[in-house]
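A.B. asks: Take a look at the following structure, please.
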Amino acid sequence: MEFKNFKKDVEAAFNNMIAENLFVANVDKDLLWMGYLLSFEDETVRQDHNCNACKSFIRHYGKVVAIDPQTYKIKTFWDDVHTPGYEKTAQALAKLVKEAGIGDVFIQDVNEFHGCDHNVQLLPDGTTRTWTHLYVTIPNSFKFNRRVHGFDSAAGYRGDVRARAGVFERSISELKLEAVETVIELIEGNNLYRGAEFLKSLEEFRRTLVAAQTLSPEVRTNYCWLNFKSPIAKIRNTAMGNFTY
């Protein structure tokens, strides 16, 4: 059991997970930290890993996930950590994260950071000891930028993403394929005023509804999170959406 190898593997797995959008699992921070500590059965080993810097990392970054664009299943970097002696730890954290489901999009304030790569302790004899910790460098693309994200705060942006994903999921669950097809036929027959403006979106939404029928509820939810930027994510709230109930 070498912590330096665990630290290196965690950082590599996190970096390999990075995609256009990352998300945050809806797991309690303290539960995740407790899961980390309890994965070490030996009390001495457990205490050796009871570190404030690593605690900050686990609580804030341990639940960051991606969504597989092919299967729409949650991907956690813990799945790719196989450091000898830490297999049980990674498996326990991966299980907690996946079972919780997604609760938010991952975005940080520009000056926000958690944990540290290392710190130096001055010993009584005048020598020093370097302690290393779990740590990753968060790319700038995941740091809030008012101009890029179009909101005054990271909290405002996160709220909008949650709303988009939620409306998209309700659209898929509540709007009927038969009704969508009827509206498309009316538009193609030029029987709806300005309907042509919505035809492309409705056709895309029809394809989404057909595909969604093959997805489990959990995977469907992940699909909506992954595609929160889609132009059809808020179709339920449009005039054409009202026609498709």
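A.B. asks: Residues that are more than 17 Å from the chain's Cα centre (by Cα), closer than 18 Å to Q108 by Cα and not β-branched (V, I, T): list the helices (runs of 4 or more DSSP H) wholly contained in region 140-199 that include at least 2 such residues.
C.D. replies: 146-149
A.B. asks: Need the failing condition index for V24 against (1) among the aliphatic types (A, V, I, L, M); (2) touching a strand residue (DSSP E or B) at 6+ places or on another chain (Cβ under 7 Å); (3) over 16 Å from L93 (Cα atoms); (4) crowded, with 16+ Cβ neighbours inside 10 Å, just the number.
C.D. replies: Status for V24: all satisfied but (3).
Conditions tested, residue by residue: (1) acidic (D, E); (2) open to solvent by 20 Å² or more (accessible area, probe 1.4 Å); (3) within 16 Å of A13 (Cβ to Cβ).
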residue: E41; (1), (2), (3): yes, yes, no
residue: V45; (1), (2), (3): no, yes, no
residue: Y61; (1), (2), (3): no, no, yes
residue: P69; (1), (2), (3): no, yes, no
residue: H82; (1), (2), (3): no, yes, yes
residue: E87; (1), (2), (3): yes, yes, yes
residue: V97; (1), (2), (3): no, no, yes
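A.B. asks: Check whether at least one residue in region 112-124 is assigned to a helix (DSSP H, G or I) and open to solvent by less than 50 Å² (accessible area, probe 1.4 Å), and report yes or no.
C.D. replies: No, region 112-124 contains no residue that is assigned to a helix (DSSP H, G or I) and open to solvent by less than 50 Å² (accessible area, probe 1.4 Å).
A.B. asks: What are the pairs with Cβ atoms under 7 angstrom where one residue, in region 53-64, is of a type in the set (D, E) and the other, located anywhere, is open to solvent by less than 20 Å² (accessible area, probe 1.4 Å) and assigned to a loop (DSSP other than H, G, I, E, B)? Sequence gap at least six, or different chains.
C.D. replies: No pair meets every condition.
A.B. asks: Among the residues of region 203-236, which ones are out of contact with any Gly (no Cβ under 9 Å at 6 or more places or on another chain), assigned to a helix (DSSP H, G or I) and among the charged types (D, E, K, R)?
C.D. replies: Passing the criteria: E203, E204, R206, R207, R220, R236.
The values are calculated or read from the model by the stated rules, or taken from the named source; none is laboratory data. Because the structure is predicted, anything quoted here is derived from the model rather than measured. Cβ sites come from the backbone with ideal geometry, for glycine too, and all protein chains shown count toward neighbours. Please note that ligands, DNA and RNA were not included when accessible areas were found on the heavy atoms of the full protein model with its side chains. Shrake-Rupley method; radii C 1.70, N 1.55, O 1.52, S 1.80 Å.
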